Structures are given as C-alpha cells and as structure tokens.
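Below is one structure, written out as structure tokens, with a few remarks after it.
The values are calculated or read from the model by the stated rules, or taken from the named source; none is laboratory data. Note that the structure is a prediction, hence the values are computed from the model and not measured. Note: ideal-geometry Cβ built from the backbone for every residue, glycine included; neighbour counts use all protein chains shown.
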Amino acid sequence: MSLQRIVRVSLEHPTSAVCVAGVETLVDIYGSVPEGTEMFEVYGTPGVDVYICPNVERDRERADTRRWHFGVGSQIIVVMNSPSNELNDSHIQISYHSSQDSLPLAYAVLYLTCVDITLDCDLNCEDRDRDRDFVDKRQWVWGPDGYGAILLVNCDRDSVRSDDQDNCDRHVRCLQGPADSCEAYRHVLGQNKVSYEVPRFHGDEERFFVEGLSFPDAGFSGLIAFHVTLLDDSNEDFSESPIFTDTVVFRVAPWIMTPSTQPPLEVYVCRVRNNTCFVDAVAELARRAGCKLTICPQAENRNDRWIQDEMELGYVQAPHKTFPVVFDSPRNGELQNFPYERVLGPDFGYVTREPRDNSVSGLDSFGNLEVSPPVVVNGKEYPLGRILFGGNLPGSRGRRVTQVVRDFLHAQKVQPPVELFVDWLAVGHVDEFLSFVPAADGKGFRMLLASPSACFKLFQEKQKWGHGGALLFQGVVGNQQVNTVSISQVLSNENLISYNKFVQSCIDWNREVLKRELGLAERDIVDIPQLFKTERRKAVAFFPDLVNMLVLGKHLGIPKPFGPVINGRCCLEEKVRSLLEPLGLHCVFIDDFTPYHMLHGEVHCGTNVRREPFSFKWWHMQP
C-alpha cells in the first residue's frame with residue numbers, strides 16, 4: 001500500500017495536482033479558510049470518488065450533497081481509479097459556509113489529472129495465495145501465508161566461452177525468472193548505477209528482469225528494495241518534487257545444505273596414485289545406490305584426495321527454478337580449482353568465502369561442515385535441519401571456523417548453525433565423531449556418535465569369552481608400519497584407556513549440545529565403537545574411523561576397521577552391522593587404511609555427494 005499524498009488548495013486561484021490511480025490523495029482544507037467557516041461541501045466530477053473522514057474516531061463516509069461540520073481533524077480523501085484522457089480533465093470543488101449566510105463564503109477548486117503507475121512483481125510464492133490489493137509490497141513475509149518475491153543469485157556459468165560466473169558480468173544469457181525468451185537485455189541498474197529514468201511510453205507495461213549478484217551475508221540481510229518514483233518537474237526554478245513512490249521488496253534465496261539422509265544424485269571421488277581399489281569400491285557403492293559417479297583424475301587433483309574438505313554441495317531455490325550450488329571452502333589445497341573449473345557450469349552455481357587476512361585453519365575444511373536432517377526442538381521446527389560445524393569451547397582460545405564462513409552460514413537463516421567442540425581433534429572436523437543415517441521409524445534418522453566407551457565394552461566382552469588374543473590390524477595390505485595389537489594389549493594400555501576417557505568426555509559434551517539443539521533423545525543416537533590415540537596432544541583415530549562413512553540412501557560405505565577377527569569375522573564390523581542393519585541399512589566395509597586412514601582421513605573425507613533438494617520450500621518456514 002502506497003503512502004497518501006497531501007495536496008493543499010487555495011481560495012485565490014484553482015490548484016492542479018496529479019494523482020495516481022487507486023491511490024488516496026488527502027486534500028488539506030485548513031491552509032486557507034475564510035473567516036467564519038463552520039461547514040463545508042465537496043463536489044467531484046464523475047470518476048472522482050470523494051470521502052469525508054469527520055474525525056479520527058469515525059470511519060470515512062462517501063461525500064454527498066450535504067454539508068459537513070468543519071472541525072479540527074476533518075479530512076477529504078480523493079481516489080481516482082482510471083487514468084485521465086486529458087490534462088486536468090477532472091476536478092473537485094470545495095465550498096465553505098457559515099450558519100448565518102445562505103451563500104458560500106468562498107470556493108476552492110482542485111483540478112486533477114490521474115495517471116496509472118505501479119511497481120509490480122511476483123508476490124505470490126507458489127501456493128502462498130495472497131491478494132495483491134491487501135498486502136504491503138514493502139514487506140517480505142515468511143511462512144505459508146506470507147508473501148514476497150524471491151530472487152536467485154545468478155551464480156552459474158551459462159556461456160562456455162566465459163571464464164566468469166554470470167553474476168560477474170552485465171549480460172543476461174539465461175533468465176533465472178519464469179520462462180521467457182532470452183534477448184539482449186540492456187543493463188539499466190546495478191552496483192554502480194542506482195537509478196534509471198523510465199521513458200514515457202504508451203502501452204500496458206514496461207518489463208524489467210532482475211538477477212541477484214550475492215548471497216545474504218554479514219551486512220546484507222538478503223532483502224532488496226526497488227522503488228519507482230513519479231516526480232513533478234514542472235517548475236524549472238526548483239528541483240523535482242515527489243508525487244508518488246511505489247516499492248517492492250525481493251528476498252535473495254539462501255544457499256541450502258542437504259544432509260546425508262537426502263537421496264544421493266552424484267558421488268565425487270579423486271583418483272590418486274595409491275587408491276585404485278578404493279575408487280573401485282566407491283564406484284560399486286554408487287552403482288548399487290543408483291547414482292552418478294564423477295572421478296576427478298590425478299592430473300586435476302594433483303594427488304589431493306580430500307574432496308570432502310574442498311567443497312560442500314547445496315542448492316538454491318525459487319518457485320520457478322532450483323539448481324545446485326557448490327560452496328568452495330577456503331582451504332585451497334591442490335584441489336582448489338576443481339569446484340570453479342569443473343563443477344561450475346550451466347545451472348550449477350558457485351560461491352566461496354575467503355578471509356582477507358588468510359586466517360585459515362584445518363577447521364575451515366568442509367569435513368567440518370555438516371547439516372542435520374529436519375528436526376523439531378521444543379516446538380520450534382527446523383524443516384531444513386541445522387548446520388553443524390566445529391570450533392572451540394565458548395570463551396576459550398583455539399581454532400575456530402574463519403569469521404567470513406561463519407557469517408555466511410548464519411546469514412542464510414533457514415538452517416541456523418550449531419557450533420560444536422572439535423579442537424581436541426588433530427584434524428578438527430565434526431565428521432570424525434558424528435554422522436546421520438536414514439531410518440524408517442522415529443524421527444526418520446539416527447545420529448551416529450563415535451564411542452570409546454562402547455568399544456571398550458565390546459573388547460571386554462570378547463576378552464571375557466576368551467578372545468583376548470584376537471588381533472587388530474591383521475591383514476592390512478600395502479603398509480609395513482602397522483603392528484598388530486591384541487584385545488588384551490588394548491585393555492591393559494593405561495595411557496590409551498586414560499586418553500579415551502578424555503575423548504569420551506569431549507564427545508559427551510557434544511552429545512548434550514546436539515540433544516539440546518536438535519531436540520534428540522537417547523533413542524535417536526547410536527553409539528559406534530571407536531578408539532582414538534594422541535598425536536601432538538590432539539586426537540586421531542586409533543583404527544579406521546567407523547562413523548566417517550559415505551551414506552548413499554540405504555547403502556553405507558564404512559571404513560574397514562581391521563578389528564579383532566573372532567570366529568572368522570571382524571568383531572567391530574559385526575557390532576556395527578548389528579546396530580545399523582535392523583534399520584534397513586546395508587553395510588559395506590571399504591578398505592581405506594593406506595590411502596586415507598594413515599593420512600588422518602577416511603571414506604567420508606575422500607568422497608562428496610550431491611543430493612536431492614528438500615521437498616519443503618524454504619520460504620514456508622518461520623526462521
């Protein structure tokens with residue numbers, strides 16, 4: 001709804017004004033009033049609707065031939081709904097009266113020219129059915145009953161001849177809006193040009209197309225306002241004066257992450273000099289899950305195998321269009337060019353955030369960036385889940401995700417982040433102690449947590465039944481540095497036991513944070529046996545980290561732990577199967593020992609997955 005304009009009338013000469021179709025014009029009757037005035041009458045020519053508001057306590061009434069009491073607070077409201085055919089072709093006349101005289105004390109005439117001007121956009125997001133006449137276009141309202149236009153960041157690259165993203169140029173090669181033909185659209189507004197004079201034209205409308213240049217971030221809420229202003233330039237001696245302004249507000253669509261419980265579409269893995277068997281195993285798992293496999297060759301990755309750390313795959317969405325967007329981490333290893341040069345393309349966008357001071361730590365790799373499945377916490381719904389990343393304890397010194405990445409994640413609003421405690425880990429990634437798998441019951445998923453306590457309990461049970469001599473790391477191929485160790489040796493290693501009590505306390509801290517922030521109960525959590533050892537006062541996995549897995553629907557690619565073999569079977573694998581297979585999941589154990597585990601990473605670290613977007617539309621939520 002546009003602001004009302006005030007027009008002042010004169011007793012000495014007629015006044016002229018321009019009004020906008022459908023917009024109220026207030027007529028000021030106090031600036032020039034003849035002495036003795038007690039009442040007034042108002043007459044309008046056909047096509048001019050005149051209303052009287054006697055005072056603030058009474059509703060407006062349509063003006064008629066009767067006289068109205070002249071009192072402080074009385075208002076005359078004029079509305080025209082059709083544009084004029086000629087200049088000053090309509091008018092209203094105000095006559096001022098006293099109770100003593102039959103003839104008017106004076107007249108005031110206001111000539112009116114009506115123009116039809118409005119700024120319009122697609123306010124209704126899909127099924128958010130709202131009447132345009134009863135919404136404030138200056139607002140953007142969340143929720144299923146909300147309204148407001150949505151703008152996509154044009155961050156893909158449609159031209160194969162261009163090295164830049166589409167939001168880096170001044171050309172529109174493919175419309176991000178509703179289906180339309182692509183033409184040579186002229187650039188009229190942008191970062192260095194904030195106003196444009198619309199030429200006078202005769203026709204129904206003039207159309208403009210808009211592209212987003214950047215995502216919500218620190219200092220940018222994601223809201224963009226566009227204004228159209230009608231100016232009066234009739235007086236050459238003065239600057240232009242405003243007659244009417246209309247405003248519409250767009251919200252830039254946020255970048256959205258997808259949890260491991262979403263169906264997989266495409267798996268990424270790097271081929272390096274010593275991981276042929278690993279790549280073959282991942283390829284077979286992708287085949288079983290029915291998703292595409294993309295292998296980054298060694299010539300491109302330059303032996304950087306940590307593709308999970310290099311990028312996070314998400315998407316953007318508006319009612320008319322959805323496309324994936326890769327978030328390139330600031331780690332900048334040998335894989336740093338892969339997201340921009342190989343992933344970015346037509347209908348596949350790209351975004352990155354890098355600190356100016358190069359204050360990047362291992363925590364800025366995206367193995368330290370996950371998102372939960374949808375959750376409800378104390379009645380508050382998070383239909384797109386919550387982002388999880390690791391840092392240090394509140395108020396303490398240590399590693400944290402760089403500020404520009406944290407600002408970006410918080411600014412998206414739809415997946416409010418939770419910061420966990422990971423600085424006790426040498427690598428420092430949340431995927432070292434947690435993951436999510438789909439489940440048909442309960443909340444629709446389980447959260448898996450690494451558990452030294454569960455591992456010691458398992459080993460104690462096996463020792464009790466006479467299997468204390470069973471060996472870990474038996475059968476490891478391709479590495480001569482690994483010595484076998486028995487269950488009894490593990491259980492008698494006081495330093496290992498003491499250190500894993502510390503590790504368990506760190507994981508338990510995160511457990512309580514996750515229960516509180518994700519609304520989880522103990523039945524939603526599965527403890528996966530795992531031990532850690534210390535290197536330079538930080539924790540690394542003692543045997544391949546079982547929770548650091550690749551989740552492709554019901555198919556799980558789990559690091560092969562090379563645990564104690566009892567009755568021909570690895571007891572760690574058997575335990576994991578007993579925990580996960582009743583959920584309808586299929587466990588495949590992949591040997592990643594030499595190419596990944598020995599370098600402090602596992603299956604999840606060496607893979608990445610593009611997944612289906614949520615069916616839930618982000619604009620329906622209440623952040």
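Tally the residues that are of a type in the set (A, V, I, L, M) and more than 19 Å from ASP64 (Cα to Cα), restricting the search to segment 17-45.
6
Within the set of pairs 6+ apart or on separate chains, which have a first residue in segment 281-298 that is farther than 16 Å from LEU335 by Cβ, a second that is of a type in the set (A, V, I, L, M) and assigned to a helix (DSSP H, G or I), and C-beta atoms under 8 Å apart?
Pairs that qualify, where the first residue is farther than 16 Å from LEU335 by Cβ and the partner is of a type in the set (A, V, I, L, M) and assigned to a helix (DSSP H, G or I), are LYS292/ALA286; LEU293/VAL282; LEU293/ALA283; LEU293/ALA286.
Looking at segment 568-578, is at least one residue more than 17 Å from THR261 (Cβ to Cβ), hydrophobic (A, V, I, L, M, F, W, C) and in contact (Cβ under 8 Å) with a residue 60 or more places away in the chain? Reasoning before the result, please.
Filtering segment 568-578 down to residues more than 17 Å from THR261 (Cβ to Cβ) leaves 568-578.
From the residues that got through so far, the ones that are hydrophobic (A, V, I, L, M, F, W, C) too are 570-572, 576.
Next, only the ones that are in contact (Cβ under 8 Å) with a residue 60 or more places away in the chain stay: 571-572.
Checking segment 568-578: at least one residue is more than 17 Å from THR261 (Cβ to Cβ), hydrophobic (A, V, I, L, M, F, W, C) and in contact (Cβ under 8 Å) with a residue 60 or more places away in the chain.
What residue, of ALA281, ALA286, is touching a Lys or Arg at 6+ places or on another chain (Cβ under 8 Å) and either within 27 Å of LYS554 (Cβ to Cβ) or surrounded by 23 or more Cβ atoms within 10 Å (Cβ to Cβ) (or both)?
Values: ALA281 fails: touching a Lys or Arg at 6+ places or on another chain (Cβ under 8 Å).
Sole residue among the options that is touching a Lys or Arg at 6+ places or on another chain (Cβ under 8 Å) and either within 27 Å of LYS554 (Cβ to Cβ) or surrounded by 23 or more Cβ atoms within 10 Å (Cβ to Cβ) (or both): ALA286.
Taking segment 60-86 as the search range and keeping residues that are of a type in the set (Val, Ile, Thr) and either under 18 Å from VAL9 (Cα atoms) or surrounded by 12 or more Cβ atoms within 10 Å (Cβ to Cβ) (or both), which one is modelled with the lowest pLDDT? Give the steps one after another, and end with the answer.
Step one: of segment 60-86, the residues of a type in the set (Val, Ile, Thr) are 65, 72, 76-79.
From what's left, either under 18 Å from VAL9 (Cα atoms) or surrounded by 12 or more Cβ atoms within 10 Å (Cβ to Cβ) (or both): 72, 76-79.
Working: VAL72: 72, ILE76: 90, ILE77: 92, VAL78: 94, VAL79: 94.
Once the filter is applied, the top-ranked residue is VAL72.
For ILE6, which of the numbered conditions (1) of a type outside the set (Ser, Thr, Tyr); (2) part of a strand (DSSP E or B); (3) touching a residue at least 24 places away in the same chain (Cβ under 8 Å) fails to hold?
Unmet for ILE6, out of (1) of a type outside the set (Ser, Thr, Tyr); (2) part of a strand (DSSP E or B); (3) touching a residue at least 24 places away in the same chain (Cβ under 8 Å): (3).
Is it true that some residue in segment 238-246 is modelled with pLDDT of 95 or more and of a type in the set (S, T, N, Q)?
Looking through segment 238-246, none of the residues is modelled with pLDDT of 95 or more and of a type in the set (S, T, N, Q).
Taking the residues in segment 346-371 that are touching a Lys or Arg at 6+ places or on another chain (Cβ under 9 Å) and either among the β-branched types (Val, Ile, Thr) or at positive phi (or both) as candidates, determine which candidate is surrounded by the most Cβ atoms within 10 Å (Cβ to Cβ).
VAL371
Looking at segment 517-544 only, could you name the residues that are without any contact (Cβ under 8 Å) to a residue 24 or more places away in the chain and in a helix (DSSP H, G or I)?
Across segment 517-544, the qualifying residue is only GLU522.
Filtering segment 452-493 down to residues that are in a loop (DSSP other than H, G, I, E, B) and of a type in the set (Val, Ile, Thr), which residue is farthest from the chain's Cα centre (by Cα)?
If we take residues in segment 452-493 being in a loop (DSSP other than H, G, I, E, B) and of a type in the set (Val, Ile, Thr), then THR484 is farthest from the chain's Cα centre (by Cα).
Do you know which of the residues in segment 18-32 that are within 11 Å of ILE94 (Cβ to Cβ) and surrounded by fewer than 16 Cβ atoms within 10 Å (Cβ to Cβ) is modelled with the lowest pLDDT?
Among those that are within 11 Å of ILE94 (Cβ to Cβ) and surrounded by fewer than 16 Cβ atoms within 10 Å (Cβ to Cβ), it is SER32.
Okay, residues lined up against (1) assigned to a helix (DSSP H, G or I); (2) without any contact (Cβ under 8 Å) to a residue 24 or more places away in the chain; (3) within 21 Å of GLU370 (Cα to Cα):
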site: SER239; (1), (2), (3): no, yes, no
site: VAL248; (1), (2), (3): no, no, no
site: GLN262; (1), (2), (3): no, no, yes
site: LEU265; (1), (2), (3): no, no, yes
site: VAL269; (1), (2), (3): no, no, yes
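Could you list all residues from segment 328-337 that are crowded, with 23+ Cβ neighbours inside 10 Å and over 11 Å from GLU354 (Cα atoms)?
LEU335
Collect the residues in segment 203-255 that are more than 21 Å from ARG406 (Cβ to Cβ) and small (Gly, Ala, Ser), keeping them in residue-number order.
GLY203, GLY212, ALA225, SER234, SER239, SER241
Every residue in segment 385-416 that is over 21 Å from SER221 (Cβ atoms) and assigned to a loop (DSSP other than H, G, I, E, B), please.
Scanning segment 385-416 gives GLY385, ASN392, LEU393, PRO394, GLY395, SER396, ARG397, GLY398, ARG399, ARG400, VAL401, THR402.
Would you mind finding the one in GLY553, GLY557 that is among the small types (Gly, Ala, Ser), surrounded by fewer than 22 Cβ atoms within 10 Å (Cβ to Cβ) and touching a residue at least 24 places away in the same chain (Cβ under 8 Å)? Explain how you work it out, then say what you get.
Numbers: GLY557 fails: surrounded by fewer than 22 Cβ atoms within 10 Å (Cβ to Cβ).
Exactly one residue qualifies, and that residue is GLY553.
Against the definition (surrounded by 12 or more Cβ atoms within 10 Å (Cβ to Cβ) and touching a strand residue (DSSP E or B) at 6+ places or on another chain (Cβ under 9 Å)), how does PRO242 come out, yes or no?
Judged against the criteria, PRO242 is not a match.
How many of the residues making up segment 545-565 are of a type outside the set (Gly, Ala, Ser) and either under 23 Å from VAL376 (Cα atoms) or in a strand (DSSP E or B) (or both)?
8
Of all residues in segment 431-471, how many are surrounded by fewer than 16 Cβ atoms within 10 Å (Cβ to Cβ), touching a strand residue (DSSP E or B) at 6+ places or on another chain (Cβ under 7 Å) and acidic (Asp, Glu)?
Of the residues in that region, 0 qualify.
Just one of TYR268, TYR340 is hydroxyl-bearing (Ser, Thr, Tyr) and touching a Lys or Arg at 6+ places or on another chain (Cβ under 8 Å); which is it?
TYR268
Spot the failing condition for GLY385; the list is (1) at negative phi; (2) in contact with a Ser or Thr (Cβ under 8 Å, 6 or more places away or on another chain); (3) crowded, with 22+ Cβ neighbours inside 10 Å, and only one is missed.
(1)
Please determine whether any residue of segment 591-609 is assigned to a strand (DSSP E or B), surrounded by fewer than 23 Cβ atoms within 10 Å (Cβ to Cβ) and in contact with a Lys or Arg (Cβ under 7 Å, 6 or more places away or on another chain).
no
Just to check your reading of the model, which residue among ARG516, ARG523, ARG511 is closer than 27 Å to VAL551 by Cα and in contact with a strand residue (DSSP E or B) (Cβ under 7 Å, 6 or more places away or on another chain)?
Only one candidate passes the filter, namely ARG511.
Since PHE502 meets every condition but one in (1) under 26 Å from LEU491 (Cα atoms); (2) surrounded by fewer than 23 Cβ atoms within 10 Å (Cβ to Cβ); (3) within 28 Å of the chain's Cα centre (by Cα), which condition does it not meet?
Result: PHE502 passes all but (3).
Need a quick list: strands (runs of 3 or more DSSP E) entirely within segment 25-127 having at least 3 residues that are polar (S, T, N, Q). Before you say what the answer is, go through the steps one by one.
Values: elements: 25-28, 39-44, 48-53, 75-80, 90-97, 106-115.
The qualifying strands (runs of 3 or more DSSP E) are 90-97.
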